[in-house]
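Asks: The structure follows.
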Amino acid sequence: MKNLLNALLFIIACQVSAAAWSQTIFIVRHGEKVDESRDPQLSLKGKQRAANLAMQLRDADIKRVYVTEFQRTQMTAAPLVDARQLALTPYAAKESASFGKTLLTAEANTLVVGHSNTLLDILKGMGITDVKPVADDEYDRLIIVTLNKNGSPSYILLRY
C-alpha cells in the first residue's frame, strides 16, 4: 500500500512538474479584410473579430505576439497587444514552416497571427500534420498548441 501511495505521489509530481514546464501557442488567421488587394486593412467585421480575440485571450498570459509583414495580421493582434502593452514581432509569411520550428522553443505563451495559406505550414514546422486546410472564408479558427518539454506538441481546435 505504501509503495502504491509513493508511486501515485510520484506520478502526480511528474504531471505537475510537466505542466509547469509547458508553453501555449495560440495560432489564428487574421480577421476579415476589406478587399482582395495585396495588403488590405481589416473590415469592420475583422476589427470586431480582433477585439473578440483579445477578449478571449485576455487571461492567457501571452508574452509574445508574432505577425507577418501584412497589416491585416498586425491589425488582428493590435487589440491584445495594446491591452497587454506588448510588442509585435514580425516573421516572414513565406518562411512559415521554418518559423513553426522556431516556435518549438518558445519560452512564453505566444500568439501567432497568420494567413489561410500559412497556418498549416506553421503547424507542420511544429510537427503537427493532421489539421484540415483553412478555407478562404474561414476566419474563426483558434488553434491552441501546447508545448511540453517531455513530448511532442499537442493541439486543440476552437472557434471564436
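Taken together, the values in this text are just the output of simple stated rules run on the coordinates, not laboratory data. Owing to the predicted nature of the structure, the values given are computational and were not obtained by experimental measurement. Note that each Cβ is placed from the backbone with ideal geometry, even for glycine, and that neighbours are counted across all protein chains shown.
Asks: Does region 62-76 contain at least one residue that is more than 21 Å from GLY46 (Cβ to Cβ), surrounded by 14 or more Cβ atoms within 10 Å (Cβ to Cβ) and among the hydroxyl-bearing types (Ser, Thr, Tyr)?
Replies: Within region 62-76, none of the residues are more than 21 Å from GLY46 (Cβ to Cβ), surrounded by 14 or more Cβ atoms within 10 Å (Cβ to Cβ) and among the hydroxyl-bearing types (Ser, Thr, Tyr).
Asks: To continue, here is another question. Within region 78-88, is even one residue within 23 Å of ARG159 (Cβ to Cβ), part of a strand (DSSP E or B) and in contact with a Leu (Cβ under 9 Å, 6 or more places away or on another chain)?
Replies: No: region 78-88 contains no residue that is within 23 Å of ARG159 (Cβ to Cβ), part of a strand (DSSP E or B) and in contact with a Leu (Cβ under 9 Å, 6 or more places away or on another chain).
Asks: Something else about it: When region 103-147 is examined, which residues are found to be loosely packed, with under 13 Cβ neighbours inside 10 Å and among the hydroxyl-bearing types (Ser, Thr, Tyr)?
Replies: THR105, THR129 - these are the residues of region 103-147 that are loosely packed, with under 13 Cβ neighbours inside 10 Å and among the hydroxyl-bearing types (Ser, Thr, Tyr).
Asks: Scan region 89-100 for residues that are surrounded by fewer than 15 Cβ atoms within 10 Å (Cβ to Cβ) and either within 22 Å of ALA54 (Cα to Cα) or of a type in the set (Lys, Arg) (or both) and jot them down.
Replies: Passing the criteria: THR89, PRO90, LYS94.
Asks: Which one of these does ASN150 not meet: (1) buried (at least 18 other Cβ atoms within 10 Å of the Cβ); (2) in contact with a Cys (Cβ under 9 Å, 6 or more places away or on another chain); (3) not aliphatic (A, V, I, L, M)?
Replies: (1)
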